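Undergrad: Have a look at the structure that comes next, please.
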């Protein structure tokens with residue numbers, strides 16, 4: 001059975017390591033905040049489009065970033081906004097609350113979505129990876145470089161206790177490691193670019209066959225070049 005294709009919004013939010021990959025693929029230095037806002041804008045504008053996997057999504061977003069008319073200074077400024085962000089946050093939290101998953105992690109997410117104000121709940125849910133309870137500690141790994149106040153941690157701890165056990169005495173916060181982000185992203189980027197090129201070639205041949213016909217000599221020549229030479233060696237002079 002083929003994997004279910006997903007809407008662009010289903011891949012939101014992208015992580016900082018994805019931003020590193022996209023910056024290299026697009027040769028543009030947009031930050032993760034703008035990239036995620038652009039993803040929301042495109043998902044709303046092209047809601048009918050579906051994607052097979054994250055590799056295809058990254059390829060799609062990279063092309064959009066490469067062709068973005070905004071300067072990076074403008075896009076990366078703190079006062080830049082897309083109108084879709086607020087509405088999507090509401091929908092994101094609504095989806096969390098209506099989720100029927102009975103796992104402890106899902107139950108904790110639902111409680112957080114309900115007890116915190118929308119903006120804070122959204123930040124927590126998209127910035128934290130909720131782990132496991134070990135003895136009297138509950139582990140949370142930060143996915144972004146954010147600061148959780150003592151008040152927020154106290155409220156999270158209360159909800160952790162209702163889901164797991166009153167024996168949980170404190171949260172163990174694992175900070176976001178930017179050095180690992182860069183190392184992991186470089187490796188992921190190398191893997192992704194190979195897959196991206198394969199997808200790009202397949203899409204190119206599919207469109208070309210519609211234009212020229214799969215039995216035409218010109219189509220067969222271009223197909224042979226793509227299949228037998230490295231991408232850098234292909235010069236489109238035919």
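Coordinate-derived values only; no laboratory data. This one's a predicted model, so the numbers in the text were calculated from it and none came from an experiment. Positions of Cβ are backbone-derived with ideal geometry, glycine not excepted, and every protein chain shown enters the neighbour counts.
Undergrad: Tell me the label-point distance for the pair residue 77, residue 106, using the 7 Å Cα-to-Cβ offset, in nm and rounded to one decimal.
TA: With each label placed 7 Å out from Cα toward Cβ, I get 4.4 nm.
Undergrad: Express in nm, to one decimal, how much length is gained between residue 216 and residue 173 on full extension, taking 0.36 nm for each residue of separation and deducting their alpha carbon distance.
TA: 9.4 nm
Undergrad: Given the Cα-Cα distance of residue 153 and residue 127 and 0.36 nm per residue of separation, how much length would full extension add, in nm?
TA: Answer, rounded to one decimal: 8.0 nm.
Undergrad: Once the piece of chain linking residue 146 and residue 12 is laid out straight, how much longer is it, given 0.36 nm per residue of separation minus the C-alpha distance between them?
TA: Net length gain for the segment: 46.4 nm.
Undergrad: How do 53-60, 91-98 rank on mean C-beta neighbours within 10 Å, highest first?
TA: 53-60, 91-98
Undergrad: If you don't mind, another one. Given a Förster distance of 35 Å, report the FRET efficiency between residue 63 and residue 166 from their Cβ-Cβ distance, rounded to the nearest 0.05.
TA: Using R0 = 35 Å, I get an efficiency of 0.10.
Undergrad: Could I have the simple spin-label model distance between residue 94 and residue 136, label points 7 Å from Cα toward Cβ, reported in nm to one decimal?
TA: Label at residue 94, label at residue 136, 4.3 nm between them.
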